[in-house]
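To start, the structure itself, in structure tokens.
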Amino acid sequence: MMNEIEIGRGKRGRRAYSFDDVAIVPSRRTRDPEDVSVDWQIDAYHVELPVMAAPMDSVMSPATAVAMGRLGGIGVLDLEGLWTRYEDPEPLLAEIAALDAGSATRRMQEIYAADIDPDLVTRRLGEIRDAGVTVAGALTPQRTQQLWKTVVDAGVDLFVIRGTTVSAEHVSGRAEPLNLKRFIYELDVPVVVGGCATYTAALHLMRTGAAGVLVGFGGGAAHTTRIVTGIHAPMASAVADVAAARRDYMDESGGRYVHVIADGGVGRSGDLVKAVACGADAVMLGAALARATEAPGRGWHWGSEAHHPQLPRGERVRVGTVAPLEEILLGPGRIADGTTNLVGALRRAMATTGYSDLKEFQRVEVVVSPYQPA
């Protein structure tokens, strides 16, 4: 039974943990970091690094998606972002980076009010495909019915349906909602869908036939979801809950494995390590990669929530620039704050605790040990 805390006489709540609240524990065995494998495979695609780049304009352009693929990860392009609304978004990206805090939200709402051009969707995905790397693009559930055929015809390898929260059962009195189960069944490409943050929601998403589920809700560096709506899911508990849903779904489905991808709250290398330790197969990184010298955000980071036309639930945040993308992912690290050589840190943690691959490392011992910064 889960331990619940009495909030008041009429309400109880389950204690949940963030990545900062937990730590991994060394075991009796250690390994050489060079003997550790961080590969994973989703559907037919073998991936060298357990990292997907978040579909956010501050993180991914067609060029950085190609660079991400060549380094061994998967870059996911936001197909509702500036690259599919404007022929040349570079001046607008520079303008967003230069905005003062007081006018940033309003001006971003104006910039993102431009229509999405299906021809640009095709061209941007074609640029990535022509480079010979895995092609991944993301749409929100609201736009998927409108643009999915354009995306599939453009030759996407992985289709990502990403929202602040995505459910298998969306109820609407105004419009026919996206039927995920029917949509995924009829699609010829693997689909990654999310976010979700609970066992039940994840289990329902897995039953739609998704190849992977994104775990997270309002926990990213650029989100203000907790402040605006009061909704938040601490990531260590969320990942562990969804990993339990994966285990039970494997039993239910006769062995079908759905990948769990932590999306949010993974800002530094230690968060990546703990995400895998809690049960993730991979992570989706936003702010961590927005710090790259090549990142389109020029040291700033924002998501689609920052320019929502009715209820902004995010903001443009300064993350700075620390190193080239390759150093952020693969090192060498030149600062000791967990912002560079993320995969090297994962290898070191796996080696220190004696595990040789990611699925083994998901069984590592974890303790509750809240981090107290100096």
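The values are calculated or read from the model by the stated rules, or taken from the named source; none is laboratory data. From a predicted model like this one, the values you see are computed outputs, not experimental measurements. As a convention, Cβ positions derive from the backbone with ideal geometry for all residues, glycine included, and neighbour counts pool all protein chains shown. Calculation scope for accessible area: heavy atoms of the full protein, side chains included, ligands and nucleic acids excluded. Shrake-Rupley method; radii C 1.70, N 1.55, O 1.52, S 1.80 Å.
Values as computed for the structure displayed
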read-out: Segment 202-289 - accessible surface per residue (Å², probe 1.4 Å); value: 29
read-out: DSSP beta bridges in the chain [antiparallel fraction, %, rounded to 5]; value: 30
read-out: Cβ-based net charge around residue 116, under 12 Å, with every Lys or Arg adding one and every Asp or Glu removing one; value: -2
read-out: R0 of 35 Å, Cβ-Cβ distance residue 30-residue 7: FRET efficiency to nearest 0.05; value: 0.20
read-out: FRET E, pair residue 130, residue 39, Förster distance 22 Å, beta-carbon r, rounded to 0.05; value: 0.30
read-out: Cα shape, segment 1-112, gyration tensor, a/c 1.5 rule; value: oblate
read-out: Mean ellipticity per residue at 222 nm, deg cm²/dmol - from DSSP H runs of n ≥ 4 across the chain, formula -39500 (n - 2.57); value: -10000 deg cm²/dmol
read-out: Sequence-separation-based contact order of segment 1-84, relative, with Cα cut under 8 Å and 6+ spacing, percent; value: 18
read-out: Amide H partners (placed H, <5 Å) of residue 75, local residues excluded; value: 53, 69
read-out: Accessible area of the chain belonging to carbon and sulfur atoms, whole % at 1.4 Å probe; value: 47
read-out: Extended-chain gain in nm, criterion 0.36 nm per residue less alpha-carbon gap, residue 356 and residue 298; value: 17.2 nm
read-out: Cα shape, segment 9-53, gyration tensor, a/c 1.5 rule; value: oblate
read-out: Pairwise FRET efficiency - residue 113 versus residue 318, Cβ, R0 = 22 Å, nearest 0.05; value: 0.35
read-out: Potential lengthening between residue 200 and residue 252 on full extension [0.36 nm per residue; Cα-Cα distance subtracted]; value: 17.3 nm
read-out: Packing-based order for 324-332, 261-269, 10-18, 68-76, using average beta carbon neighbours within 10 Å, highest first; value: 261-269, 68-76, 324-332, 10-18
read-out: Environment charge of residue 139, counting only residues whose C-beta is closer than 9 Å and scoring Lys/Arg +1, Asp/Glu -1; value: 0
